[in-house]
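Quick notes on the structure that follows.
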Amino acid sequence: MYKFIDLFAGCGGMTLGFQNAGFEAVAAFDNWEPAVQVYRANFLHNIHTLDLSNWQESLTTLEAYQFDMIIGGPPCQDFSHAGKRNEDLGRADLTISFAQIVAHTKPQWFVMENVDRTVKSQRYRQAGEILREAGYSLTQRILDANQCGVPQKRKRLFLIGELGLSISGDSRALASYLDNNLITKPLSVRDYLGDDLDITHYYRHPRNYSRRAVFSIDEPSPTVRGVNRPIPKTYKMHPKDTAPISENVRPLTTLERSYLQTFPEGFHFAGSKTDLEQMIGNAVPVKQAEYIARCIDAYISGKVDSLNPIQQGSVQLLLFRESR
């Protein structure tokens with residue numbers, strides 16, 4: 001099975017998803033110490049505190065490992081809907097760093113994750129040019145985590161590259177695996193957690209009060225963000241709230257939010273509440289990463305007829321609906 005390293009690994013959602021699909025992690029890298037500490041508590045392989053913005057100097061550390069794949073999610077604040085949407089603030093340059101590291105180490109595969117609006121950015125286009133010139137065939141998809149076994153609406157961009165497949169074209173065969181194995185019925189919080197939350201409605205603080213804040217567990221959750229605020233005493237009910245504010249409505253706890261990101265119950269989180277909320281909100285949902293990994297694995301292994309992979313059904317989403 002392919003060995004991988006995880007860049008901008010955070011607390012390890014993407015690593016865990018790829019491990020669950022059978023890929024072998026050999027090392028991880030991040031520059032935010034609270035996330036590094038949580039990652040280290042949950043995985044046996046090394047994680048290095050490393051500033052990947054200086055990608056040339058980083059190569060010496062990275063090349064100490066043997067790997068066939070690089071995965072990772074460069075920080076998205078400069079692209080994010082919740083951020084300032086200014087790619088000249090510096091964080092967007094880390095997308096270029098990711099591309100340069102891939103281009104210079106030349107693993108057989110890479111998987112890069114970011115927010116959906118990244119596709120509009122100049123830095124992303126520059127990264128694509130670097131990767132194509134390095135010999136990668138690129139497959140780009142915006143996938144909703146809710147269709148990948150995650151009880152949450154969360155659209156994210158995935159750029160997947162295979163070295164040497166062709167000079168210019170996308171991998172249409174891989175795209176068919178990614179597109180056609182998605183869950184079509186919305187996966188609700190209750191579908192995933194049952195009655196574990198012991199509530200039927202919960203509060204999620206809106207970005208502004210033109211949006212609702214109370215949600216039912218019988219629908220997918222909204223996107224888990226890096227903040228988790230209490231209910232303001234002055235909150236006025238939104239017409240689309242699923243219940244009025246009462247003692248039976250509360251914000252989700254930090255751990256409950258990690259479950260919506262499909263981290264397992266045994267995953268160990270330690271640190272300040274502010275740091276934990278941010279790293280959980282920043283994480284790639286485990287089951288979404290697992291979905292990507294399993295589709296790549298099926299494509300590599302040729303488990304299904306390459307001309308009509310989906311009708312054969314051997315990578316259907318029953319694989320991802322395992323107990324957590």
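Tabulated results
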{"item": "Qualifying residue in region 80-93 (condition: modelled with pLDDT of 95 or more, closer than 20 Å to Asp6 by Cα and in contact with an Asp or Glu (Cβ under 7 Å, 6 or more places away or on another chain))", "result": "no"}
{"item": "When residues of region 122-156 are limited to those that are under 10 Å from Ala99 (Cβ atoms) and either in a loop (DSSP other than H, G, I, E, B) or among the polar types (S, T, N, Q) (or both), the one farthest from the chain's Cα centre (by Cα)", "result": "Ala134"}
{"item": "Residue, modelled with the lowest pLDDT, within region 102-155, restricted to residues that are among the basic types (Lys, Arg) and closer than 19 Å to Leu7 by Cβ", "result": "Arg123"}
{"item": "Single match in Pro244, Pro251, Pro239, Pro230 (criterion: loosely packed, with under 12 Cβ neighbours inside 10 Å, under 30 Å from Glu33 (Cβ atoms) and without any contact (Cβ under 8 Å) to a residue 60 or more places away in the chain)", "result": "Pro230"}
{"item": "Region 232-247, residues that are basic (Lys, Arg) and under 17 Å from Ser210 (Cβ atoms)", "result": "Lys236, Lys240"}
{"item": "Given (1) part of a loop (DSSP other than H, G, I, E, B); (2) hydrophobic (A, V, I, L, M, F, W, C); (3) at pLDDT 95 or above, number of the condition Val36 does not satisfy", "result": "(1)"}
{"item": "Some residue of region 164-172 being at pLDDT below 95 and among the aliphatic types (A, V, I, L, M)", "result": "yes"}
{"item": "Residue check for Tyr39: of a type in the set (Ser, Thr, Tyr), more than 15 Å from Glu290 (Cα to Cα) and either buried (at least 24 other Cβ atoms within 10 Å of the Cβ) or touching a strand residue (DSSP E or B) at 6+ places or on another chain (Cβ under 7 Å) (or both)", "result": "yes"}
{"item": "Enumeration of residues in region 11-25 that are closer than 12 Å to Gly72 by Cβ and part of a helix (DSSP H, G or I)", "result": "Gly13, Met14, Thr15, Phe18"}
{"item": "Conditions (1) part of a helix (DSSP H, G or I); (2) within 18 Å of the chain's Cα centre (by Cα); number of the one not met by Ala28", "result": "(1)"}
{"item": "Any hit, region 169-180, residues being over 23 Å from the mean Cα position of the chain (by Cα) and farther than 25 Å from Val286 by Cβ", "result": "yes"}
{"item": "Condition broken by Glu265, with the remaining ones in (1) surrounded by fewer than 18 Cβ atoms within 10 Å (Cβ to Cβ); (2) closer than 26 Å to Lys185 by Cα; (3) touching a strand residue (DSSP E or B) at 6+ places or on another chain (Cβ under 9 Å) satisfied", "result": "(3)"}
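The values are calculated or read from the model by the stated rules, or taken from the named source; none is laboratory data. Keep in mind that what you see is a predicted model, and the values were worked out from it rather than measured. Every residue, glycine as well, gets a Cβ built from its backbone with ideal geometry; the counts of neighbours run over all protein chains shown.
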